[in-house]
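Quick notes on the structure that follows.
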Amino acid sequence: MTDHFRYIVVEGPIGVGKTSLAQKLASEFGSELLLERAEENPFLANFYQNPSQYALSAQLHFLLQRAQQVQDFRQADMFQQSYIADFMVDKDRLFAQMTLNNDELALYEQIYTHLTLDAPRPDLVLYLQAPLETLRERILHRGIDYEQQIRDDYLLRLSESYTRFFYNYDDSALLTVNTQSVDLINNADDYQAILEKINNIHSGRHYFNQSSFAL
């Protein structure tokens, strides 16, 4: 891990490739890997088939899962070990605001406040972006059955929510990555380029796309 980053988060909408990149970076830096574990949510498959009926159940399961992850994280030694995660605790509320009705959101917020989630702040966030067509193609390619039920309008609204969230985000150094024209997993040149970019970041907002390193 770079000397100035002990905790890096890779974030972005479904299908953008955050878990694959987090796994690769964790191996690169010898860091502990923290994964979202969405497959452990028993309500998720039903949510994609019937969002209005299962949104609250799915969201509360994620919220309680986040609370446990935060507790585990607080007990970890941040000075002796570096970490790469494929999720931010903050984004749980982003999904809640997008999927829950007003009454459900009020209940969710009460529980959220009661749990007092206060996760350690990342040193660097990599926000991965891709257009709807690219997300759909990647979701199809990885072949998770319940994800094939995700509607295009949901994916689009999710991407827009992430864009709004990170537009004003300033809690950590932020690297926004356009993944449409780069292959950070299978292309060695693209991967080395983003490693170099990460190593040259210390604070502030930064951008990475094909043209940013082709010059």
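Condition first: in a helix (DSSP H, G or I), surrounded by 16 or more Cβ atoms within 10 Å (Cβ to Cβ), over 16 Å from the mean Cα position of the chain (by Cα) and of a type in the set (Asp, Glu). Can you find one or more residues in segment 194-206 that meet it? No, because not a single residue in segment 194-206 is in a helix (DSSP H, G or I), surrounded by 16 or more Cβ atoms within 10 Å (Cβ to Cβ), over 16 Å from the mean Cα position of the chain (by Cα) and of a type in the set (Asp, Glu). Screening residue 141 against (1) within 15 Å of residue 16 (Cβ to Cβ); (2) in contact (Cβ under 8 Å) with a residue 12 or more places away in the chain; (3) not in a loop (DSSP other than H, G, I, E, B) leaves a single unmet condition, (2).
For segment 144-174, a residue qualifies if it is part of a loop (DSSP other than H, G, I, E, B) and under 22 Å from residue 42 (Cα atoms), and the qualifying residues are 144, 150, 151. Meeting the requirement of 1 or more residues that are touching a residue at least 60 places away in the same chain (Cβ under 8 Å), among the small types (Gly, Ala, Ser) and buried (at least 18 other Cβ atoms within 10 Å of the Cβ), the strands (runs of 3 or more DSSP E) wholly within segment 3-110 are 83-85. Tallying residues that are touching a strand residue (DSSP E or B) at 6+ places or on another chain (Cβ under 7 Å) and of a type in the set (A, V, I, L, M) within segment 121-145 yields 4. Out of 154, 167, one residue alone is at pLDDT below 95, among the hydroxyl-bearing types (Ser, Thr, Tyr) and in contact with a helix residue (DSSP H, G or I) (Cβ under 8 Å, 6 or more places away or on another chain). It is 154. Applying the set (1) modelled with pLDDT of 90 or more; (2) surrounded by 13 or more Cβ atoms within 10 Å (Cβ to Cβ); (3) closer than 20 Å to residue 14 by Cα; (4) of a type outside the set (S, T, N, Q) to residue 133 leaves exactly one unmet item: (2).
So that you can scan it fast, the table gives a plain yes or no per residue for (1) touching a strand residue (DSSP E or B) at 6+ places or on another chain (Cβ under 9 Å); (2) over 25 Å from residue 92 (Cβ atoms); (3) free of Cβ contacts under 8 Å to residues at least 40 places away in the same chain:
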{"residue": "119", "(1), (2), (3)": "no, no, no"}
{"residue": "147", "(1), (2), (3)": "no, no, no"}
{"residue": "155", "(1), (2), (3)": "no, no, no"}
{"residue": "163", "(1), (2), (3)": "yes, no, yes"}
{"residue": "172", "(1), (2), (3)": "yes, no, no"}
{"residue": "180", "(1), (2), (3)": "yes, yes, no"}
{"residue": "188", "(1), (2), (3)": "no, yes, yes"}
{"residue": "192", "(1), (2), (3)": "no, yes, yes"}
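The values are calculated or read from the model by the stated rules, or taken from the named source; none is laboratory data. What you see is a predicted model; the values in this text were computed from it and never measured. When we count neighbours, we look across all protein chains shown, and the Cβ atoms used for this are built from the backbone with ideal geometry, even at glycine.
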